[in-house]
Amino acid sequence: MNATIAVLKGDGIGPEVIDQALKALHAVEECFGHSFTLQEALTGATAIDAIGDPFPPQTEQICLESDAILFGAIGDPKYDNDPKAKVRPEQGLLRMRKTLGLFANVRPVKSYKQLLHMSPLKPERVANADFVVFRELTSGIYFGEPRGRSEDGSKAYDTCLYSKSEIERIAKLAFQAAGLRGKKLTLVDKANVLATSRLWRETINECARDYPGITTDYMFVDNAAMQLIQNPGRFDVILTENMFGDIITDEASVITGSLGMLPSASLGEKLSLFEPIHGSYPEVAGMNRANPMAAILSAAMMLEYSFNLSQEAACIRDAVETCITEGILTEDLTDSNAKGTSEVGDAVARIIKETQQVGAKSE
Ligand code: IPM
Ligand code: MN
């Protein structure tokens, strides 16, 4: 197939990890006869520095003309400590989500048996962790109006607002995912306090009737935060609103102990974006030390979700798994003989090609 991919490498370690994902995609092109046209565009602090806007119109245009977006990371500490900074990289991220309609953030969390010892939790607790969080991404308290300060500045307010249709469209994706996985969906909310949460519960209850094969349960967010640590294996698909999702996905991301391994997708009606969840990690930017596996696995998610290339996606995932088994690991995953970012990327690309050649010969 031919597809156009917008490549937004962004800030910090974004560029170097995305370069490794591109190596994997080139290997897939070569082995499976596909052709991906890459369109690079600026985003984040890099875009502010270059043109004063973290999500410039040119970048938006390139995204809209593409079939999918591969995203590195945004964020630079020089903007975090400056309360007077007029534009922040994060504003670009929120604007990008809203204008491109990326309403469903999907974060799978799965432990790798070779890496169980990396988890801050007891290995037996995380061994069977295999769940996915569907976080609503373009509404709720992140975007609700009105928001602001009272005239004298002594009060501030935000609005958490949800419409039924916003809940229904992400619920549909989450129920469908549950149908393909463990047939269980947990809505995480705060329905004992919030009106929006009660609307979520009511709506999910209605949607559940269309999916009789799926067990639906409801959990308050404070309890969910606890259960994620106590018994992560109990979850299959977690569905939640924007702010709760922000918090529990960070919590969920450390359960398996390998933040550098976790990919994500932000799905829209027409266009979707794929990014590693680890962020810009400026401390090691440009040092060939970052783990590129999350970015590589994000490229695999892109092949699957946006292009329906599940065999190719599986091939990338298998290659990453082989790398782990062979101990080709960056410093976050091993104390001895750590490899650099680009060595891991080269190894994944090599393994993709090798397994495809072996496959071809045996046919
Ligand atoms: C995330 C981030 C963003 C969010 C920030 C950077 C605005 O924490 O993608 O989870 O809160 O959504
Ligand atoms: Mn977050």
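Data for the structure
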item	result
Candidate set from segment 232-259 (those that are away from ligand 2 (no atom under 16 Å from the Cβ) and modelled with pLDDT of 95 or more); member that is farthest from Lys110 (Cα to Cα)	Leu239
Boolean, Glu16 is surrounded by 22 or more Cβ atoms within 10 Å (Cβ to Cβ) and of a type in the set (D, E, K, R)	yes
Hits in segment 25-41 (condition: buried (at least 22 other Cβ atoms within 10 Å of the Cβ) and under 24 Å from Leu100 (Cβ atoms))	Leu25, Phe36
Hits in segment 51-93 - residues which are away from ligand 2 (no atom under 16 Å from the Cβ), assigned to a helix (DSSP H, G or I) and aliphatic (A, V, I, L, M)	Ile51, Ile62, Leu64
In segment 183-234, the residues that are in a loop (DSSP other than H, G, I, E, B) and among the charged types (D, E, K, R)	Lys183, Lys190, Arg209, Asp210
Failed item in (1) in contact with a Phe, Trp or Tyr (Cβ under 8 Å, 6 or more places away or on another chain); (2) within 16 Å of ligand 1 (Cβ to nearest atom); (3) under 18 Å from Gly14 (Cα atoms), with Met302 passing the rest	(2)
Candidates Leu267, Leu273 - the one that is farther than 22 Å from Ala129 by Cα and either charged (D, E, K, R) or away from ligand 2 (no atom under 16 Å from the Cβ) (or both)	Leu267
All positions within segment 74-93 that are acidic (Asp, Glu) and either within 14 Å of ligand 1 (Cβ to nearest atom) or modelled with pLDDT of 90 or more (or both)	Asp76, Asp80, Glu90
Enumeration of residues in segment 275-294 that are touching a Phe, Trp or Tyr at 6+ places or on another chain (Cβ under 9 Å), closer than 17 Å to Glu331 by Cβ and within 16 Å of ligand 1 (Cβ to nearest atom)	Pro276
Pairs where the first residue, in segment 239-250, is within 13 Å of Thr138 (Cβ to Cβ) and the second is within 11 Å of ligand 1 (Cβ to nearest atom) and in a helix (DSSP H, G or I), C-beta under 7 Å, 6+ apart	Glu241/Gly140; Asn242/Gly140; Asn242/Ile141; Asn242/Tyr142; Met243/Gly140; Met243/Ile141; Met243/Tyr142
Segment 244-256 - residue that is buried (at least 18 other Cβ atoms within 10 Å of the Cβ) and either among the basic types (Lys, Arg) or assigned to a helix (DSSP H, G or I) (or both) and, of those, nearest to ligand 1 (Cβ to nearest atom)	Thr249
Test result for Gln20, in contact with a Gly (Cβ under 9 Å, 6 or more places away or on another chain) and polar (S, T, N, Q)	yes
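The values are calculated or read from the model by the stated rules, or taken from the named source; none is laboratory data. Quick caveat, the model's predicted, so the values are computed rather than measured. Because the Cβ atoms are built from the backbone with ideal geometry, glycine has one as well, and the counts that use them run over all protein chains shown.
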